[in-house]
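Asks: I have a structure here, written as structure tokens, and I will follow up with some questions on it.
The values are calculated or read from the model by the stated rules, or taken from the named source; none is laboratory data. Note that the structure is a prediction, hence the values are computed from the model and not measured. Cβ: placed from backbone, ideal geometry, glycine included. Neighbour counts: every protein chain shown.
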Amino acid sequence: MNAARLLHTASILENGKVLVIGGAGTDNTLNSVELYDPTTGSWTSTGNMSVARYDHTASILVNGQVLVTGGSTDNSIFNSSELYDPTTGNWIITGSMNVARSYHTASILENGKVLVTGGYGDISILNSTELYDPTTGSWTAAGNMNVARYYHTASILGNGTVLVTGGNNGFQMIYPGQFVGYFTLNSTELY
């Protein structure tokens, strides 16, 4: 890659190229985006996102565009979303989520909408979910999960339901500065 990065996303486009988006660099948050071409083994830069971010999600929509949602920097958590158009290499701002979040999941449903679940918000772990409608570019609340969680997974089952599993919903300190561990979850939910 042209830039060292972690906490980024990588998505395989319809043309077989891999789109690597954002992340944390050596000393800053990245808005840069790169394409890997497996036929040539080469990396090229493409259009930059409007917002530098890491811990975001990237979902390939039915129309081939890539939806990037949320994420964070060292100082901020975002509710913003943007779309990458692989035919032009450009980014388009789209509707913002109702809640700022990072460490969340994004799942493309059978109807083409994108379900976002949980994550870490501005001051708390989230149990909220929301749906993105690509035809309108807007978000709507989709109800709350029973358990707030981040670092979880979401899998689309054969019947179209989404299985949300595990994650974390807090951490424990004995006294300030003495970290004990995370509250790791074994709970699951269906959407």
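Asks: The conditions are (1) closer than 17 Å to Asp122 by Cβ; (2) surrounded by fewer than 18 Cβ atoms within 10 Å (Cβ to Cβ), and Val62 fails exactly one of them. Which is it?
Replies: (1)
Asks: While we're on this one: Can you name the strands (runs of 3 or more DSSP E) wholly within segment 8-74 that have at least 1 residues being acidic (Asp, Glu)?
Replies: The strands (runs of 3 or more DSSP E) meeting that bar are 29-37.
Asks: When you look at Ile77, is it in contact with a Lys or Arg (Cβ under 7 Å, 6 or more places away or on another chain) and β-branched (Val, Ile, Thr), yes or no?
Replies: Answer is yes for this residue.
Asks: State whether the residues of segment 107-130 include one that is outside any loop (DSSP other than H, G, I, E, B), surrounded by fewer than 14 Cβ atoms within 10 Å (Cβ to Cβ) and out of contact with any Lys or Arg (no Cβ under 6 Å at 6 or more places or on another chain).
Replies: Among the residues of segment 107-130, not one is outside any loop (DSSP other than H, G, I, E, B), surrounded by fewer than 14 Cβ atoms within 10 Å (Cβ to Cβ) and out of contact with any Lys or Arg (no Cβ under 6 Å at 6 or more places or on another chain), which makes the answer no.
Asks: For segment 112-149, name all the residues that are of a type in the set (A, V, I, L, M, F, W, C) and at pLDDT 95 or above.
Replies: Scanning segment 112-149 gives Val114, Leu115, Val116, Ile125, Leu126, Leu131, Trp139, Ala141, Ala142, Met145, Val147, Ala148.
Asks: Now, a different point. Cβ contacts < 8 Å: first residue under 14 Å from Arg5 (Cα atoms), restricted to segment 16-44; second residue among the charged types (D, E, K, R) and surrounded by fewer than 10 Cβ atoms within 10 Å (Cβ to Cβ), any location; separation 6+ or different chain. Result?
Replies: Partner pairs satisfying both residue conditions: Thr29/Asp74.
Asks: Tally time: how many residues in segment 9-55 are within 16 Å of Leu83 (Cα to Cα) and either out of contact with any Phe, Trp or Tyr (no Cβ under 6 Å at 6 or more places or on another chain) or not acidic (Asp, Glu) (or both)?
Replies: Total meeting the criteria: 24.
Asks: What's the number of the condition Asp85 fails, among (1) modelled with pLDDT of 95 or more; (2) within 16 Å of the chain's Cα centre (by Cα); (3) surrounded by fewer than 17 Cβ atoms within 10 Å (Cβ to Cβ); (4) among the acidic types (Asp, Glu)?
Replies: Exception for Asp85: condition (2).
Asks: So, one more: If you go through segment 131-148 one residue at a time, do you hit one that is within 15 Å of the chain's Cα centre (by Cα) and polar (S, T, N, Q)?
Replies: No, because not a single residue in segment 131-148 is within 15 Å of the chain's Cα centre (by Cα) and polar (S, T, N, Q).
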